[in-house]
Amino acid sequence: MPPDKNNSKEHAAREKSEKGQHMHFEQEIIYSKKALAVDDDAAILDILSQAARGRVDLTTASSAKEGIALLEEQGPFGVVMSDLRMPDVDGIQFLDLVRKRWPHTVRILFTGFADLQAATKAINTSQVFRLLTKPAHNKEILAALSDGLKQHRMIVADEAHLLERERQFRTALLDLPLPAMIHAEDGQLVLMNRAWREISGWATEDIPDFNAWRQKALDRDAEEVQKEFSEIYAIQGRVAHGEQTVITKQGARLVWDFSSASLGEMPDGRRAIISIASDVTQRRAMEESLSRAGQVFDNATNGILVTDYDGSSWT
């Protein structure tokens with residue numbers, strides 16, 4: 001039997017939609033055994049190269065600008081060592097830039113005794129892993145590079161573990177039989193699971209942010225909704241919103257029972273909320289039907305005669 005073309009198209013569209021959803025936690029995590037040393041003094045670079053020869057894959061750069069170019073073109077590097085005093089950009093500024101752009105790269109600062117106090121005060125700025133003073137012996141240089149690479153390996157392993165846990169959470173959420181959505185505090189829709197899409201008919205292409213969901217499916221006042229969700233960020237635990245009418249993409253009106261909880265901050269600093277709903281449309285319809293039947297029974301003017309199978313009435 002040939003496959004249903006419509007079903008195939010729907011399946012492809014669903015896969016495309018799910019691949020487009022991510023938690024903004026994912027980034028490429030690569031372990032590197034390479035190190036980069038940056039110093040405007042060629043003699044210092046030569047000493048570092050000799051100390052690392054045959055033991056550490058070390059690349060050198062004579063300026064912060066050259067160092068950034070090497071990081072972009074040949075990175076990632078597990079460790080970056082930098083001198084404090086350089087003519088274009090000092091080591092603190094350079095390593096702070098490395099921290100922001102390559103957060104998994106371990107940073108080491110080396111400087112002269114005269115700069116030790118200034119360097120110590122600036123360590124927190126670029127979160128330097130180790131401080132080396134000039135002149136450093138080969139043993140100290142190798143120990144710093146070795147320890148830095150070990151630290152880099154641990155950072156990468158921890159991050160990979162967190163990403164795997166996030167992937168498992170996202171997979172479980174996508175397969176959850178109840179409608180579930182994650183949205184950031186700026187309104188961006190981070191994730192909408194299959195049940196939410198299949199029951200409501202709305203896809204992520206239709207609803208790029210929570211405001212679009214509110215306008216198309218909830219038909220609720222924007223300030224009211226914003227106030228309701230703003231309060232969730234300050235509350236620990238689950239918050240029940242109660243039953244609300246949801247308008248599907250096809251125009252049908254459903255009744256969903258909503259609850260939400262804060263997920264805390266994402267890696268980019270934005271706070272996120274998870275909202276889960278239970279479709280109680282059929283239950284509400286049944287309750288209304290029973291209520292109407294009860295009203296008919298209560299309002300019957302002539303009463304209702306209930307008989308046994310042989311025609312005798314109940315008393």
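Considering region 42-73 alone, what residues qualify as being part of a strand (DSSP E or B) and in contact (Cβ under 8 Å) with a residue 60 or more places away in the chain? Quick ask: steps written out before the conclusion?
Residues of region 42-73 part of a strand (DSSP E or B): 57-61.
Answer for region 42-73, where residues must be part of a strand (DSSP E or B) and in contact (Cβ under 8 Å) with a residue 60 or more places away in the chain: just L58.
Can you name the residue in region 181-196 that is in contact with a Ser or Thr (Cβ under 7 Å, 6 or more places away or on another chain) and modelled with pLDDT of 90 or more and is also nearest to V255 (Cα to Cα) among such residues? Spell out the reasoning first.
First, pick out the residues of region 181-196 that are in contact with a Ser or Thr (Cβ under 7 Å, 6 or more places away or on another chain): 181, 189, 192.
Checking the rest, the ones that are also modelled with pLDDT of 90 or more come to 181, 192.
Working: M181: 17, M192: 18 Å.
Among them, the one singled out is M181.
For residues in region 203-224 being free of Cβ contacts under 8 Å to residues at least 24 places away in the same chain and surrounded by fewer than 17 Cβ atoms within 10 Å (Cβ to Cβ), which is nearest to R253 (Cα to Cα)?
Q215
Looking at L149 and the list (1) over 16 Å from L48 (Cβ atoms); (2) assigned by TED's automatic domain parsing to the domain that holds I47; (3) in a helix (DSSP H, G or I); (4) touching a residue at least 40 places away in the same chain (Cβ under 8 Å), which single condition is not satisfied?
Result: L149 passes all but (1).
Is it true that P76 is closer than 26 Å to D268 by Cα and in a loop (DSSP other than H, G, I, E, B)? Outline the logic, then answer.
Values: closer than 26 Å to D268 by Cα: yes; in a loop (DSSP other than H, G, I, E, B): yes.
The answer is yes for P76.
What's the number of the only condition in (1) at pLDDT below 90; (2) surrounded by fewer than 17 Cβ atoms within 10 Å (Cβ to Cβ); (3) within 30 Å of R53 (Cα to Cα) that I141 fails to meet?
(2)
What is the residue count in region 78-112 for residues that are under 33 Å from the mean Cα position of the chain (by Cα) and more than 19 Å from L131 (Cβ to Cβ)?
Qualifying residue count, region 78-112: 5.
Looking only at region 16-44, filter to residues that are charged (D, E, K, R) and modelled with pLDDT of 75 or more; which one of those is surrounded by the most Cβ atoms within 10 Å (Cβ to Cβ)?
First pass over region 16-44, keeping only residues charged (D, E, K, R): 16, 18-19, 26, 28, 33-34, 39-41.
When the remaining residues are screened for being modelled with pLDDT of 75 or more, the result is 33-34, 39-41.
Numbers: K33: 12, K34: 19, D39: 25, D40: 16, D41: 13.
Filtering region 16-44 for residues that are charged (D, E, K, R) and modelled with pLDDT of 75 or more, the one surrounded by the most Cβ atoms within 10 Å (Cβ to Cβ) comes out as D39.
On the basis of being more than 22 Å from the chain's Cα centre (by Cα), polar (S, T, N, Q) and assigned by TED's automatic domain parsing to the domain that holds R85, does Q215 make the cut? Outline the logic, then answer.
On the way: more than 22 Å from the chain's Cα centre (by Cα): yes; polar (S, T, N, Q): yes; assigned by TED's automatic domain parsing to the domain that holds R85: no.
When the stated conditions are applied, Q215 does not pass them.
N124 - would you say it is surrounded by fewer than 18 Cβ atoms within 10 Å (Cβ to Cβ) and either of a type in the set (A, V, I, L, M) or within 17 Å of D39 (Cα to Cα) (or both)? Spell out how you get there, then give the answer.
On the way: surrounded by fewer than 18 Cβ atoms within 10 Å (Cβ to Cβ): yes; either of a type in the set (A, V, I, L, M) or within 17 Å of D39 (Cα to Cα) (or both): no.
Judged against the criteria, N124 is not a match.
Going through region 144-159 one residue at a time, which ones are farther than 14 Å from M81 by Cα and aliphatic (A, V, I, L, M)?
M154, I155, V156, A157
The values are calculated or read from the model by the stated rules, or taken from the named source; none is laboratory data. Because the structure is a prediction, the values reported are computed rather than measured. All Cβ positions, glycine included, derive from the backbone under ideal geometry; neighbour counts span all protein chains shown.
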